[in-house]
Amino acid sequence: NAGVTQTPKFRVLKTGQSMTLLCAQDMNHEYMYWYRQDPGMGLRLIHYSVGEGTTAKGEVPDGYNVSRLKKQNFLLGLESAAPSQTSVYFCASSKDRGRVNEQFFGPGTRLTVL
Amino acid sequence: AQSVTQLGSHVSVSEGALVLLRCNYSSSVPPYLFWYVQYPNQGLQLLLKYTTGATLVKGINGFEAEFKKSETSFHLTKPSAHMSDAAEYFCAVINSGGYQKVTFGTGTKLQVIP
């Protein structure tokens, strides 16, 4: 099993450009999450999904959109990138709400917006 | 509302010394608590978790944590630090209902001095 994978690993954008980050998991998990990690701020939840076809806002959703068309994939989009979106982005997944489950994390995408 | 406070953004210990990383939480419902570790340029991975039952929880790599309800604490310890323990550690709390929203602390970077 590959676990949680993220594409790309690194990206540099210019202000105003758009991009999509792809997250894929092969563990048949229901829940998927997108976080951003900034120095001294821990991880902050951007958006999450509790199943295929569903998405919801987290703590810091502004400037981002997501889609979960397939259970195994969770896409994070930036329509018009801003320097404030320079960060490391992590995708995670977890089983379901039946019991308390740990989240499994991908290796991260380092995004720089110039 | 739930929150996590990690005291000390940086902790240094000598190799072989006791590791103590502090975590205090607040939660309006019985909490589920986690410690994650992040090695450089990697995603987070679970060290240990407390859900119910025994309050002393043992995790991987010789780490353990004790849930103390009266002190609202979940401190992470390891009797003898190893160079490979150098990493960033995150405490997290999860609510017991809903979609299992996880709130992460801001992290503690552990430096191990030879």
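The values are calculated or read from the model by the stated rules, or taken from the named source; none is laboratory data. Computed from a predicted structure; not experimentally measured. Reconstructed Cβ throughout: ideal geometry from the backbone, glycine too, with neighbour counts over all protein chains shown. Protein only, heavy atoms only, side chains kept; ligands, DNA and RNA dropped before computing areas. Shrake-Rupley method; radii C 1.70, N 1.55, O 1.52, S 1.80 Å.
What shape does chain B have by the C-alpha gyration tensor, where a ≥ b ≥ c are the square roots of the eigenvalues, rounded means a/c under 1.5, and otherwise prolate means a/b greater than b/c and oblate the rest?
Verdict is prolate for chain B.
What average count of beta carbons from other chains do you get within 10 Å of the Cβ of residues in B:39-47?
5
Which trypsin sites (Lys or Arg not before Pro) in the range A:11-114 sit in a loop by DSSP (not H, G, I, E or B) and have at most 10 other Cβ atoms within 10 Å of their own Cβ? It would help to have the intermediate numbers written out before the result.
On the way: sites: A:Arg11, A:Lys14, A:Arg36, A:Arg44, A:Lys57, A:Arg68, A:Lys70, A:Lys71, A:Lys95, A:Arg97, A:Arg99, A:Arg110; in loops: A:Lys14, A:Arg68, A:Lys70, A:Lys71, A:Lys95, A:Arg97, A:Arg99.
Answer by residue number: A:Lys14, A:Arg99.
How big is the A/B interface in buried accessible area, both sides summed, 1.4 Å probe, to the nearest 100 Å²?
Buried surface at the A/B interface: approximately 1800 Å².
For chain A, what class follows from the C-alpha gyration tensor (a ≥ b ≥ c being the square roots of its eigenvalues): rounded when a/c is under 1.5, otherwise prolate if a/b is larger than b/c, else oblate?
prolate
For an R0 of 45 angstrom, estimate the FRET efficiency from the Cβ-Cβ distance between A:Ser80 and B:Gln111 and round to the nearest 0.05.
My answer for the efficiency is 0.70.
Considering only Cα-Cα distances, which of the following residue pairs are longer than 27 Å: A:Lys70/B:Lys49; A:Lys57/B:Lys109; A:Lys70/B:Lys101; A:Lys9/A:Lys70?
Listed pairs above 27 Å: A:Lys70/B:Lys49; A:Lys57/B:Lys109.
Across the residues of A:103-112, average count of Cβ atoms on other protein chains within 10 Å?
Whole-number average of other-chain Cβ neighbours for A:103-112 is 3.
Report, by chain and number, residues whose modeled amide H sits under 5 Å from the one on B:Lys101, excluding near sequence neighbours (fewer than 5 apart, same chain).
B:Asn95
What is the distance, in nm, between label points placed 7 Å from the Cα along the Cα-to-Cβ direction at A:Arg110 and at A:Thr54?
3.6 nm
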